[in-house]
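What follows is a set of notes on a single structure, which appears directly below.
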Amino acid sequence: MKFVTKLVITTLLFVLIFRNIDFGVTFEVASKVKGKALAMALFLLICSSCTAAFRWSIIMKQIGFKEPFSFYLQSYFKGAFFNQGLPTSIGGDGLRILDTARIAENKEDAFNGVLIDRIVGLGGLLLLNMTALLQNRTLLPLQVYHPLLVIIVLSLIGLVALFFLHHIELLSRIKLLRYLNRLSQRYASIYSSINAISIQVTLSVLTHLFAMSAFFILGHGVGLMYPLQTYLALVPPVILLTILPISLAGWGIREGAMVGFFVLIGADKASILSLSILYGILALAASLPGLFVFLAQRQRI
């Protein structure tokens, strides 16, 4: 039922989008993108996944896991394929948790490692977005710019606050909040030094820079000749919206949000839509190594 619901929502979103944007024009724009640009964008998306997997492996080693990087790389790509390519209620993060839980002495650490990886990844995306917005203060209308900047700042404050929550003794006394206390303790133990924080933030920013560069290359391929800084300002909010679990792999939500944001700077709707669709297809293609891992390890899923 979850899959059917998401399929219906995704279909309805595309119906609404194509009522306002000509599909034929969108397809024509997308078909003109050169193969070299597509290959480069695909390479950048694979680099993004590899960097994210490396970041996750460092987190897990700091928690106490001893598996080699290849274990986390395979699990990450497998999770990416589940997120992008399979109509299933088992998300990619859930699969990564299952992989690490099998080898964990403390099963909660398997969950914490994936959750902290997601939190740090989100932090990198927010930092990139905030920096780009502060450097492009006239890019968006003020009624959009100011609320967006406030949301980003509050989100970053929340991520930093998690580091200190375990110092609040009340959390350890309330049963429903004890997990939050333990998560904060684990979070603080991982980022107990400036060096650890610097490495993780750098990897998180680099992960998203690879992905944003893929948007940039595809955008130029469809005629959206904006600087990389513009993509860093407009695309991250779209990526955050696709986290909402109401459509299949973010399809429909991503396209609608991309059109909504880029129209604010005067971009052509058909070009924006073709960019978003091409990115979605390449994201699926970049996750295909996970399919081969999944098939090779299916007896362990």
Inset, instruction - Go through 44-56, 150-162, 71-83, 102-114 and give me the packing order, highest mean Cβ count within 10 Å leading. - result: 71-83, 44-56, 102-114, 150-162
Legend entry - Spatially proximal lysines relative to LYS107 (Cα-Cα < 25 Å; intrachain offsets below 8 disregarded): LYS61, LYS66, LYS78, LYS175
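FRET efficiency for LEU295 and LEU177, Cβ-Cβ distance as r, R0 = 41 Å, nearest 0.05? Before the final figure, lay out each step's value.
On the way: r = 42 Å, r/R0 = 1.02.
Step by step, r from the Cβ atoms, then E = 0.45.
I need the chymotrypsin sites (Phe, Trp or Tyr not before Pro) found in region 118-188, filtered to DSSP loop residues with at most 11 other beta carbons within 10 Å of theirs. Before the final figure, lay out the partial values.
Values: sites: TYR145, PHE163, PHE164, TYR179, TYR187; in loops: PHE163, PHE164.
Those that pass, being in a loop and sparsely packed, are PHE164.
Just from its helices, what would the mean residue ellipticity at 222 nm be for the chain, if runs of 4 or more DSSP H residues each count -39500 (n - 2.57) and the sum is divided by every residue, rounded to the nearest 500 deg cm²/dmol? The partial results should precede the final answer.
Values: 14 runs with 231 residues, N = 301.
-25500 deg cm²/dmol, from helical runs alone.
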Inset, instruction - Can you tell me the alpha carbon radius of gyration of region 129-268 divided by the globular rule-of-thumb value 2.2 N^0.38 Å? - result: 1.27
Legend entry - Evaluated over the chain, the Cα radius of gyration and Dmax, each in Å: 19.9, 61
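Taking all protein chains as present, what is the carbon and sulfur share of the accessible area of the chain, in % to the nearest whole number, probe 1.4 Å? Please report the intermediate quantities before stating the final value.
Working: 10290 of 14960 Å².
Taking all protein chains in place, the chain shows 69 percent carbon and sulfur surface.
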Inset, instruction - For the chain, report the accessible area per residue in Å² (1.4 Å probe, heavy atoms, rounded to an integer). - result: 50 Å²
Legend entry - Angle in degrees between helix 253-263 and the longest Cα principal axis of the chain, rounded to the nearest 10: 60 degrees
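For region 174-245, what is one quarter of the convex hull surface built on the Cα atoms, given in nm²?
Details: hull surface 28.9 nm².
The number I arrive at for region 174-245 is 7.2 nm².
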Inset, instruction - Taking the chain as the reference, fit the longest principal axis to its C-alpha atoms, fit the long axis of helix 228-241 to the helix C-alpha atoms, and give the angle between the two in degrees, 0 to 90, nearest 10. - result: 60 degrees
Inset, instruction - Any chance you could give the angle, 0 to 90 degrees and rounded to 10, that helix 69-85 forms with the longest Cα principal axis of the chain? - result: 50 degrees
Inset, instruction - Find which of LEU275, ILE174, ILE246 sits farthest along the positive direction of the dipole of the chain, computed with +1 on the beta-carbon of Lys and Arg, -1 on that of Asp and Glu, about the Cα centre. - result: ILE174
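The values are calculated or read from the model by the stated rules, or taken from the named source; none is laboratory data. As the structure is a prediction and not an experimental result, all values here were calculated from the model. Don't worry about glycine lacking a Cβ; one is built from the backbone with ideal geometry, like all the others, and counts go over all protein chains shown. We work out accessible area using only protein heavy atoms, side chains counted, and drop any ligands, DNA or RNA first. Shrake-Rupley method; radii C 1.70, N 1.55, O 1.52, S 1.80 Å.
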